[in-house]
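S.K.: Here's a structure for you.
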Amino acid sequence: MDYQIVLLPGDGIGPEIVAEAVKVLEAVGKKFGHHFHFETLLMGGCSIDAYGVPLTDEVLEKAKAADAVLLGAVGGKVGNSDWYNRPPKERPEAGLLAIRKGMGLFTNIRPAYLYPELKDRCPLRSDIIGDGFDLVIMRELTGGLYFGERHTEVVDGVRQATDTLVYNENEIRRIAIKAFDIAMKRRKKVSSVDKANVLDSSRLWRAVVEEVAKDYPEVELEHVLVDNAAMQLVKNPGQFDVILTENMFGDILSDEASEVTGSIGMLSSASLGAGKNGLYEPSHGSAPDIAGLSIANPIATILSAAMLLRYSLDLDKEADAVEEAVRKVLHDGYRTPDIYSEGCIKLSTTQMGDRICEAI
Ligand code: NAD
């Protein structure tokens, strides 16, 4: 099959890590007989330098028309670049918000997977980790407290601030459907996280999730209150498969979950909308402190490319092959400096990409 993929390497280490992910996708194409057509475009600080804005309309249109978009990272050293002597709406990171909005992406998926080889980097005790954990957090991206009406006023001489948490049933239903679809590709369990003992928005969330669950009889559904979910993530993360939740709960829980995996250089992510197209990117930033040194870990971006294969192109076997290759390379003791430990073999960014391609 032929696929059109837009690449947005961005700034800092972005171009280095995206180049490795492209090598891996090419290795997948060769092995499985697919043709990936890549178009590399500018977004973030590099786009500001070239066009004066972090995201041009032309790039957005091409991203929308592609089968999938792979992003590196955007941004530079804050306070140390002309990019930040501009209003917030014109800075590199504004490109991210603009592309998410422009592509209509309402679901963010962040996996938290603990590789047995990296167990010593996990801050949890080994009896808690057990055989490891493998979960994904699906966070609603476009509603809730972050987008509700807000204002600050003075009432009877006292300053008062108000934020509103609004969800309608359509916003809940569309992400719930995504969560159940993804659970069907995994271990078939959805843990829907809410605060239904207090919030009306959570009671609606729970009711709509239950309606959607009726179409997925094979998937086990549980409801977990958010305070309990935060606790369970550090007490017994292995119990979770797909965690489905609203915007702010997801913001907090996904950071908690990523922290327990131990290394930012390993964490992939995907943002999906109504169709198949999606935006795939590592969870980390542009790491300007190590840009150009060829020591950045490309695995988060390579695993994001695996998610791209699985969720946008429906190439599950191919995604499995990439994830398996990453596991093999780690098992064989190869490490970039950020995940290096005594007795392992240290590799540069490009060497790590090469090893993963060989393992495919
Ligand atoms: P960061 O994630 O870029 O870096 C944090 C630390 O982790 C640094 O020490 C860095 O060297 C290290 N690190 C990050 N990725 C790594 C990798 N792949 N391999 C090895 N080490 C890695 O966060 P920051 O320093 O707070 O932000 C730097 C810039 O990135 C800022 O301009 C910020 O706005 C931007 N940013 C962009 C995104 C994005 O594009 N989605 C996300 C977060 C931050």
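S.K.: Take the conditions surrounded by fewer than 24 Cβ atoms within 10 Å (Cβ to Cβ) and polar (S, T, N, Q) and apply them to Thr301. Does it pass?
M.R.: no
S.K.: Continuing with this model, one more query. Quickly run through the stretch 1-23 and pick out the residues that are hydroxyl-bearing (Ser, Thr, Tyr) and surrounded by fewer than 19 Cβ atoms within 10 Å (Cβ to Cβ).
M.R.: Once the filter is applied, which keeps residues that are hydroxyl-bearing (Ser, Thr, Tyr) and surrounded by fewer than 19 Cβ atoms within 10 Å (Cβ to Cβ), the stretch 1-23 yields nothing.
S.K.: Quick one: is Glu26 buried (at least 16 other Cβ atoms within 10 Å of the Cβ) and in contact with a helix residue (DSSP H, G or I) (Cβ under 7 Å, 6 or more places away or on another chain)?
M.R.: It is false that Glu26 is buried (at least 16 other Cβ atoms within 10 Å of the Cβ) and in contact with a helix residue (DSSP H, G or I) (Cβ under 7 Å, 6 or more places away or on another chain).
Listed here are the residues, each with its yes/no results for (1) under 21 Å from Ala296 (Cβ atoms); (2) touching a Pro at 6+ places or on another chain (Cβ under 8 Å).
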residue	(1), (2)
Leu7	yes, no
Glu16	yes, yes
Ala19	yes, yes
Val53	no, no
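S.K.: Starting from the stretch 97-109, take each residue that is touching a residue at least 12 places away in the same chain (Cβ under 8 Å) and list its partners that are of a type in the set (Val, Ile, Thr) and not in a helix (DSSP H, G or I), counting only C-beta distances under 6 angstrom and pairs at least six apart or across chains.
M.R.: Phe106/Thr142; Ile109/Val136
S.K.: While we're looking at this one, here's another question. Under 8 Å between Cβ atoms, at least 6 apart or on separate chains: pull out the pairs that start in the stretch 41-58 with a residue that is over 10 Å from Ala94 (Cβ atoms) and end on any residue that is of a type in the set (S, T, N, Q) and away from the ligand (no atom under 16 Å from the Cβ).
M.R.: Taking only residues 6 or more apart or on different chains, the pairs are Leu42/Thr56; Ser47/Thr56.
S.K.: Considering Gly285, Gly275, which residue is under 14 Å from the mean Cα position of the chain (by Cα) and surrounded by fewer than 24 Cβ atoms within 10 Å (Cβ to Cβ)?
M.R.: Being under 14 Å from the mean Cα position of the chain (by Cα) and surrounded by fewer than 24 Cβ atoms within 10 Å (Cβ to Cβ) holds for just one of Gly285, Gly275, which is Gly285.
S.K.: Does Ala306 fit the bill of being within 11 Å of the ligand (Cβ to nearest atom) and at pLDDT 95 or above? First the steps, then the outcome.
M.R.: Values: within 11 Å of the ligand (Cβ to nearest atom): no; at pLDDT 95 or above: yes.
Criteria not met by Ala306.
S.K.: Condition first: more than 10 Å from the ligand (Cβ to nearest atom) and in a helix (DSSP H, G or I). Now tell me which residues in the stretch 83-99 satisfy that.
M.R.: Keep residues of the stretch 83-99 that are more than 10 Å from the ligand (Cβ to nearest atom), which gives 85-90, 94, 97-99.
If the condition is that a residue be more than 10 Å from the ligand (Cβ to nearest atom) and in a helix (DSSP H, G or I), then Pro88, Lys89, Glu90, Ala94, Leu97, Ala98, Ile99 are the ones that fit.
S.K.: Conditions first: (1) in contact with a Gly (Cβ under 8 Å, 6 or more places away or on another chain); (2) aromatic (Phe, Trp, Tyr); (3) farther than 21 Å from Pro282 by Cβ. Phe32 passes all but one, so which condition is the exception?
M.R.: Of (1) in contact with a Gly (Cβ under 8 Å, 6 or more places away or on another chain); (2) aromatic (Phe, Trp, Tyr); (3) farther than 21 Å from Pro282 by Cβ, only one is false for Phe32: (1).
S.K.: Filter the stretch 14-53 down to residues that are in a loop (DSSP other than H, G, I, E, B) and under 19 Å from Cys357 (Cβ atoms) and give me whichever is farthest from the ligand (Cβ to nearest atom).
M.R.: Ranking the qualifying residues of the stretch 14-53, first place goes to Gly33.
S.K.: Name the residues in the stretch 126-179 that are part of a strand (DSSP E or B) and of a type in the set (Ser, Thr, Tyr), would you? Spell out the reasoning first.
M.R.: Keep residues of the stretch 126-179 that are part of a strand (DSSP E or B), which gives 134-140, 150-155, 158-163.
Selection gives Thr152, Thr162.
S.K.: Do we have any residue at all in the stretch 246-254 that's within 16 Å of the ligand (Cβ to nearest atom), closer than 27 Å to Val166 by Cβ, among the small types (Gly, Ala, Ser) and assigned to a strand (DSSP E or B)?
M.R.: Checking the stretch 246-254: not a single residue is within 16 Å of the ligand (Cβ to nearest atom), closer than 27 Å to Val166 by Cβ, among the small types (Gly, Ala, Ser) and assigned to a strand (DSSP E or B).
S.K.: Grab the helices (runs of 4 or more DSSP H) fully contained in the stretch 267-360, keeping just those with 2 or more residues being within 30 Å of Trp83 (Cα to Cα) and in contact (Cβ under 8 Å) with a residue 24 or more places away in the chain.
M.R.: 299-307, 349-359
S.K.: Take the stretch 284-299 and flag every residue that is of a type in the set (Val, Ile, Thr) and more than 6 Å from the ligand (Cβ to nearest atom).
M.R.: Ile295, Ile299
S.K.: Could you check the stretch 56-82 and list, in sequence order, the residues that are within 12 Å of the ligand (Cβ to nearest atom) and of a type outside the set (Gly, Ala, Ser)? Explain how you work it out, then say what you get.
M.R.: The first filter runs over the stretch 56-82 and keeps only residues within 12 Å of the ligand (Cβ to nearest atom), leaving 71-81.
Residues satisfying the conditions are Leu71, Val74, Lys77, Val78, Asn80.
S.K.: Let me ask something else about it. Output the residue which, of all residues in the stretch 231-250 that are among the charged types (D, E, K, R) and under 18 Å from the mean Cα position of the chain (by Cα), is surrounded by the fewest Cβ atoms within 10 Å (Cβ to Cβ).
M.R.: Asp241
The values are calculated or read from the model by the stated rules, or taken from the named source; none is laboratory data. Quick caveat, the model's predicted, so the values are computed rather than measured. Glycine gets a Cβ as well: all are built from the backbone with ideal geometry, and neighbour counts include every protein chain shown.
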